[in-house]
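Written below as structure tokens is the structure these notes are about.
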Amino acid sequence: GINAEYGEFQTFQHNYKRNNLRAMTATQQESTISLKGSTQMVSEFFYYAVNSILFQRGVYPSDSFDFKTKYNLKVMETTDERLRSYLEQCLEQLRGWLDNLTVQKLVLVMQDLETRENIERWSFDINCDKSIRNCPDLTKPAELKSIQKGIQDVIRQIVSSVTFLPVLESSCSFDILVYTDHDVTIPVGWDETTAKIVIGSENVQLKGFSTSVHTVTPSISYKMP
């Protein structure tokens, strides 16, 4: 199972094919992108996005993160081996869903550790171009510099969110939820769950990015104190 100390891997609708997932390398040229290249870029983005959110929101101590240069930016990466292992397991599964074009949304929910109340919800809608499902080796037109700029903009928005989000006064835990297509089997280590909505929330839409294969649109729901 998954280390419950960091929250459970949870799906809301599920999709999964049990394949041997291999390291996926980008097969990109300057003006095109493949399905596997897009999958690699988007899954890597989520790794650094989740790290940045957990750091910026103070869910883990600041001294448990190090700076790393990525996307021509200084980004945060956890040095906690258990947390890193948790995120890598989560993203390994996400890569399978991205590659199958069956994922719809990734959500990071923060909860008050004592009351279990949902107090902040980061939602990343994922729109997949299913037209290439039967042609996985097909490449699509894409400006890689434009994709990187879009990712940079999202990371910057995560960093700047501290200017309007309320300080998390209490200790928090977090859950990762993934919405997928309906015709799916639940993978081992994942459980069906509710949507974990923040009741009476304020909502902020953020600017997203697109690889031409996967389009990611983030938003935040948060509870005012």
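The values are calculated or read from the model by the stated rules, or taken from the named source; none is laboratory data. On a predicted model such as this, the values are computed, not experimentally measured, just so you know. Every residue, glycine as well, gets a Cβ built from its backbone with ideal geometry; the counts of neighbours run over all protein chains shown. What goes into the accessible areas is simple: the full protein's heavy atoms, side chains included, and nothing from ligands, DNA or RNA. Shrake-Rupley method; radii C 1.70, N 1.55, O 1.52, S 1.80 Å.
Summary of values
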| read-out | value |
| --- | --- |
| Qualifying residue in region 131-142 (condition: surrounded by 12 or more Cβ atoms within 10 Å (Cβ to Cβ) and part of a helix (DSSP H, G or I)) | yes |
| Top-ranked residue of region 147-162 - restricted to ones that are aliphatic (A, V, I, L, M) and open to solvent by 30 Å² or more (accessible area, probe 1.4 Å), ranked as nearest to residue 206 (Cα to Cα) | 159 |
| Residue match in region 43-54 (condition: over 26 Å from residue 188 (Cα atoms) and open to solvent by 60 Å² or more (accessible area, probe 1.4 Å)) | no |
| Total residues in region 105-117, condition in contact with a helix residue (DSSP H, G or I) (Cβ under 9 Å, 6 or more places away or on another chain) and either open to solvent by 10 Å² or more (accessible area, probe 1.4 Å) or more than 16 Å from residue 216 (Cβ to Cβ) (or both) | 1 |
| Residue count for region 60-75, restricted to those that are under 17 Å from residue 162 (Cα atoms) and modelled with pLDDT under 95 | 4 |
| Given (1) at pLDDT below 95; (2) open to solvent by less than 10 Å² (accessible area, probe 1.4 Å); (3) of a type outside the set (A, V, I, L, M), number of the condition residue 39 does not satisfy | (1) |
| Enumeration of residues in region 76-104 that are part of a helix (DSSP H, G or I), of a type outside the set (A, V, I, L, M, F, W, C) and more than 27 Å from residue 138 (Cα to Cα) | 81, 82, 84, 85, 86, 88, 89 |
| Complete set of residues in region 189-225 that are part of a strand (DSSP E or B), of a type in the set (Ser, Thr, Tyr) and farther than 17 Å from residue 105 by Cα | 222 |
| Pick from region 163-175, criterion surrounded by 12 or more Cβ atoms within 10 Å (Cβ to Cβ) and touching a Gly at 6+ places or on another chain (Cβ under 9 Å), ranking: nearest to residue 203 (Cα to Cα) | 168 |
| Region 125-155, residues that are of a type in the set (Val, Ile, Thr) and modelled with pLDDT under 95 | 132, 139 |
| Failed criterion for residue 139 (all others in (1) among the β-branched types (Val, Ile, Thr); (2) in contact (Cβ under 8 Å) with a residue 24 or more places away in the chain; (3) closer than 25 Å to residue 203 by Cβ hold) | (3) |
| When residues of region 176-217 are limited to those that are polar (S, T, N, Q) and touching a Pro at 6+ places or on another chain (Cβ under 9 Å), the one most open to solvent (accessible area, probe 1.4 Å) | 205 |
| Per-region count, region 118-130, residues in contact with a Leu (Cβ under 6 Å, 6 or more places away or on another chain) and open to solvent by less than 80 Å² (accessible area, probe 1.4 Å) | 3 |
| Top-ranked residue in region 156-165 [being of a type in the set (Val, Ile, Thr) and out of contact with any Ser or Thr (no Cβ under 9 Å at 6 or more places or on another chain); ranked as modelled with the highest pLDDT] | 163 |
| Matching residues in region 55-95 - criterion: being open to solvent by less than 10 Å² (accessible area, probe 1.4 Å) and in contact (Cβ under 8 Å) with a residue 60 or more places away in the chain | 75, 83, 86, 90, 94 |
